[in-house]
Amino acid sequence: QVQLVESGGGSVQAGGSLRLSCVHSGSTYRPYMAWFRQAPGKEREGVASISTRSGNTIYAESVNGRFIISQDNAKNALYLQMDSLKPDDTAVYYCAAGVQLIAGPTLLRDRYNFWGQGTQVTVSS
């Protein structure tokens with residue numbers, strides 16, 4: 001069992017920044033975690049993922065160089081620093097945890113077992 005609680009969403013102008021936080025809890029080991037997003041009329045897509053043990057990260061091409069995923073394992077916290085935001089970044093952002101023992105992080109949606117409630121990010125131009 002894993003619970004995830006997100007915060008940090010909001011409204012910003014293009015070029016601005018936001019930092020999303022996800023506090024997670026539970027007794028099940030979580031070898032990798034990720035941030036996903038879903039915009040109106042679109043499928044949920046992976047944004048960034050991190051290995052909780054090694055810290056290795058991967059990013060979607062659309063956010064590479066602008067977003068940074070990080071973690072504080074002592075606090076069971078996951079973060080997403082979002083810079084140079086664009087209107088196309090507008091979406092509901094979800095924190096997710098995977099419990100399967102696979103190598104490295106992943107942006108594949110079906111590899112994640114637990115999800116947060118989502119937090120809205122709106123970027124205006």
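A Förster radius of 41 Å, combined with the Cβ-Cβ distance separating S27 from S124, puts the computed FRET efficiency at roughly 0.50. Our estimate of slack between K75 and R19, defined as 0.36 nm per intervening residue step minus the Cα-Cα distance, is 18.5 nm. Working from the Cα coordinates of the chain, the gyration tensor eigenvalues give, after taking √(5λ), semi-axes of 23, 14, 13 Å in decreasing order.
Once you have the Kirkwood Rh of the stretch 71-117 from its Cα pairs, apply Stokes-Einstein at 25 °C and 0.890 mPa s and quote D in µm²/s.
Details: Rh = 12.9 Å.
In µm²/s, the coefficient is 190.
Relative to the current alpha-carbon distance between Q1 and Q100, full extension at 0.36 nm per residue lengthens the span by 34.3 nm.
Rounded to two decimals, what is the ratio between the C-alpha radius of gyration of the stretch 1-61 and 2.2 N^0.38 Å?
So the stretch 1-61 has a normalised radius of gyration of 1.29.
Note on the stretch 50-114: with neighbouring protein chains present and a 1.4 Å probe, carbon and sulfur make up 46 percent of its accessible heavy-atom surface. Near A97: Cβ cut-off under 11 Å, other residues only, Lys/Arg at +1 and Asp/Glu at -1. The net charge is +2.
Put L78, L18 in order of accessible area, highest first, and with a 1.4 Å probe you get L18, L78. With a simple spin-label model that places each label point 7 Å from the Cα along the Cα-to-Cβ direction, the separation between I68 and D88 comes to 2.3 nm. Taking +1 at the Cβ of each Lys and Arg and -1 at the Cβ of each Asp and Glu, which of L80, Y112, A39 sits farthest along the dipole of the chain towards its positive end, judged by Cα position relative to the Cα centre? Towards the positive end, the residue furthest out is Y112.
On a per residue basis, the chain carries 51 Å² of accessible surface, using protein heavy atoms and a 1.4 Å probe. Peptides 69-76, 104-111 ordered by packing proxy, namely the average of other Cβ atoms within 10 Å per residue, highest first: 104-111, 69-76.
The values are calculated or read from the model by the stated rules, or taken from the named source; none is laboratory data. What you see is a predicted model; the values in this text were computed from it and never measured. Cβ: placed from backbone, ideal geometry, glycine included. Neighbour counts: every protein chain shown. Remember, those area values only see protein heavy atoms, side chains included, never the ligands or the DNA or RNA. Shrake-Rupley method; radii C 1.70, N 1.55, O 1.52, S 1.80 Å.
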